[in-house]
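Heads up: the structure comes next, in structure tokens.
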Amino acid sequence: GPVPPELLQQRRARLLDRIGDGIAVVRAAEPRSIEGDYPQDSDYRESNDFFYLTGLETPGALLVLLAHASAPDSVVLYVPERDPAAEVWTGPRLGPDQEAQRITGVDDVRAAETFANDIAGWLSGAGRTLFVDVPMAQRPACGGDPARAPECAPLLALLDVPAGTRVASVSEHVAALRLIKDADELRRLREAVRITSAAHHAAAAALE
């Protein structure tokens, strides 16, 4: 079943505490080519960090965490507008609506199309720190250093980051949080182990 939204809220709160002061952006994964690059896989696998913080599997979505040292923190979720014509082929998709709020526990849900304008306004302040996610595939070569964009953090290639903005990795902070499993994660891990064990026993029995 879905991750309880109260747990997702707790995870985001802990991440905001670690950031202290700055803006963190975590992107959802992009669809993949199962005909070329991943012939024996599915065309979409959500980013582990994005799923950990939102419980969503939504291409094109972004999560923004605004951490302030002397003001209340805030969280904004960006979800692409629904495309009825495309959903004939993809099936129903989540949109920037109350359903996204219910699943994630994020009150402020906006259309992904407004992200670029919003982030430009937030980054206009002098000396802000922008925390970006470094996709898993890029981490070994880049050492998690988003300053080596766009190789390490593709998001930076899409943003007009003002001079004087410090760029840091949010991925290392999420990784530290994920080292400690909560009760829901432990339950899911144990169930996955149980299912895997049962499958191996069934396969072994079929070989006898």
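The values are calculated or read from the model by the stated rules, or taken from the named source; none is laboratory data. None of these values were measured; they are calculated from a predicted model. Ideal geometry is used to build each Cβ from the backbone, glycine not excepted, and the neighbour counts take in all protein chains shown. Just the protein is used for accessible areas: all its heavy atoms, side chains included, with ligands, DNA and RNA removed. Shrake-Rupley method; radii C 1.70, N 1.55, O 1.52, S 1.80 Å.
From 43, 73, which residue is without any contact (Cβ under 8 Å) to a residue 24 or more places away in the chain and acidic (Asp, Glu)? Of the residues listed, the single one that is without any contact (Cβ under 8 Å) to a residue 24 or more places away in the chain and acidic (Asp, Glu) is 43.
Inside region 125-173, residues that are touching a Cys at 6+ places or on another chain (Cβ under 8 Å) and touching a residue at least 60 places away in the same chain (Cβ under 8 Å) make up a count of 0.
Taken over region 144-183, the criterion of being surrounded by fewer than 12 Cβ atoms within 10 Å (Cβ to Cβ) and small (Gly, Ala, Ser) is satisfied by 157, 163, 164, 183. When only residues in region 184-208 that are among the aliphatic types (A, V, I, L, M) and open to solvent by less than 80 Å² (accessible area, probe 1.4 Å) count, which is nearest to residue 143 (Cα to Cα)? Filtering region 184-208 for residues that are among the aliphatic types (A, V, I, L, M) and open to solvent by less than 80 Å² (accessible area, probe 1.4 Å), the one nearest to residue 143 (Cα to Cα) comes out as 186. Of the helices (runs of 4 or more DSSP H) lying entirely inside region 40-137, those carrying at least 2 residues that are of a type in the set (Phe, Trp, Tyr), crowded, with 18+ Cβ neighbours inside 10 Å and within 17 Å of the chain's Cα centre (by Cα) are 48-54.
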